[in-house]
Amino acid sequence: MNQNPPAHDRPTPDPSACVPKPDAEAPRLVARAVTVRFAGLVALDRVDLTVAPGTVHALIGPNGAGKSTFFNVLSGVRRPDSGAVLFDGRELTGRPPHRIAATGVARTFQNIVLTRGTVADNLMLGRHLLTRAGFTATAFGLPGVAREQRTHRERAREIAEFVDIGRLFDTPVDLLSYGDRKRVELARALCMEPRLLLLDEPVAGMNTVERRRMAETIAEVRAALGLSVLVVEHDMGLIMRIADEVTVLDFGRRIACGPPRQVQRDPEVIRAYLGSTPDVPSVADVPTPVVPSDDRRAEGHRGFPPRPARRPDVEGGERR
Ligand SMILES: Nc1ncnc2c1ncn2[C@@H]1O[C@H](COP(=O)(O)OP(=O)(O)OP(=O)(O)O)[C@@H](O)[C@H]1O
Ligand SMILES: [Mg+2]
C-alpha cells in the first residue's frame, strides 16, 4: 500500500508546476464503528463510513446528527470512545491534529476560523506543516529560509488563483465578503497539499450565486488535484451536483448510505428530515425555504425542512 510520508518529510512542492496535480493514488478513508459520547448523549453510535479514493462523499443529516463530531474525530480534535479510523491503511485514531494533518488530511470548519492579516498570511499558515526550516533558522533569517518562504508563497498564490481569490491575495481578510472568506478557508486547507479534504458546510451562509460557484470549485478541486473529499452540507442541490456517495446520520446513527439519487428517496431519510411517515415527496422535492443560512439554526435548514425538536437521547434509552 502506498505510504504517504509525513508532510515535513515530503519534498517541498515545485511552485513552477501548474496547480492541478492529479493524484491517481488518492487514499481511502475508512471509519469503523466510531462512537462518541458526551456524558449521557451518544453523539456518534458505531458509525461506519468509507470514502473511496478520488471521490466526493457527502455526510448529511439534521441539526445535531453528529456530522461535525465525526469531522472532529477524523481530524483528531476529538478522540472517539471506541472505533477506528484508517487512512491509506494507517491508523489515525487518537492521533493529535497536527499528526493527522501530516498524513494529508485537511479540514475547514463550520464557522469560519481565520486569523487576522491578509489572505496570504492565512494561506502561509496552511503551509506551516510543509515548512522545513526550523524555528531557529527562521528566527535568525538563515540562508535558504527566505528562498523557502518565497517558494511557499508562490505556491500559496497559485492555490489562491485556483480557487478564484488570487486578486485578493494581499487583502486583509477582515475586508473580504463572507463568500470570499469561505474560499480563503478552502485555499488554506489546500495549501496543506492534502489528499483528503474535509469540508464542514462550505456553502453555509452564502447566497445562491456564491453557492453555485463554490460547488463548481469543489468539483474542480477534486478533478484537478485528484483528492478525496468528504463534505458536510445541508444544501441538497449541491450534494446532488457534486457527490458520488452520501452517508446520512440521524441522532448519531448511520441511517442510509449510497448514491445521492437513491438516498434522497430513502424512506428513513425522509422520515428523519420530516419527522413523519415516508408518505411525502423525496427530500429534494421539498421546496427550499428562503431563509438566510445564518438563521438556519433558529428557522430550519436551507434546502431541508426543519425537523421536530430533538427527542430524549439518553445513552441506553430509547432513541425513537
Ligand atoms: N463538546 C460537546 N459537549 C457536549 N455535547 C456536544 C458537544 N459537541 C457536540 N455535542 C452534541 O452532540 C450532538 C452532535 O453535535 P454535532 O455538532 O456533531 O452535530 P451536527 O450534525 O454537526 O449539527 P449541525 O448540523 O447543527 O452542525 C449534538 O446533540 C450536540 O449538542
Ligand atoms: Mg455541524
Checklist line | Paired Rg and Dmax values of the range 40-101, which use every Cα atom, in angstrom | finding: 11.9, 37
Notebook entry, point to check: Separation between the Asp170 and Gln262 pseudo-spin-labels, each 7 Å from Cα along Cα→Cβ, expressed in nm?
Noted result: 5.3
Check: Once the piece of chain linking Ala146 and Gln110 is laid out straight, how much longer is it, given 0.36 nm per residue of separation minus the C-alpha distance between them?
Finding: 9.5 nm
Item checked: Two-site label geometry, Thr208 and Arg241: point separation in nm, points 7 Å out along Cα→Cβ -> 1.2
Next item on the list: Principal axes first, then extents: for the Cα atoms of the range 83-213, list largest minus smallest coordinate on each axis, whole Å, largest first.
Entry: 47, 43, 22
Notebook entry, point to check: Any number yet on Rg/Rh for the range 140-190, C-alpha, Kirkwood?
Noted result: 1.08
Notebook entry, point to check: What's the extension gain from Ala39 to Arg79 if we count 0.36 nm per residue and subtract their Cα-Cα distance?
Noted result: 13.0 nm
Next item on the list: Just grab the label-to-label distance for Leu125 and Arg32, each label 7 Å out from Cα along the Cβ direction, in nm (one decimal).
Entry: 3.6
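None of the figures in this text is laboratory data; all of them are computed from the coordinates on show. Small disclaimer: the values here were computed from a predicted structure and weren't measured. Note that each Cβ is placed from the backbone with ideal geometry, even for glycine, and that neighbours are counted across all protein chains shown.
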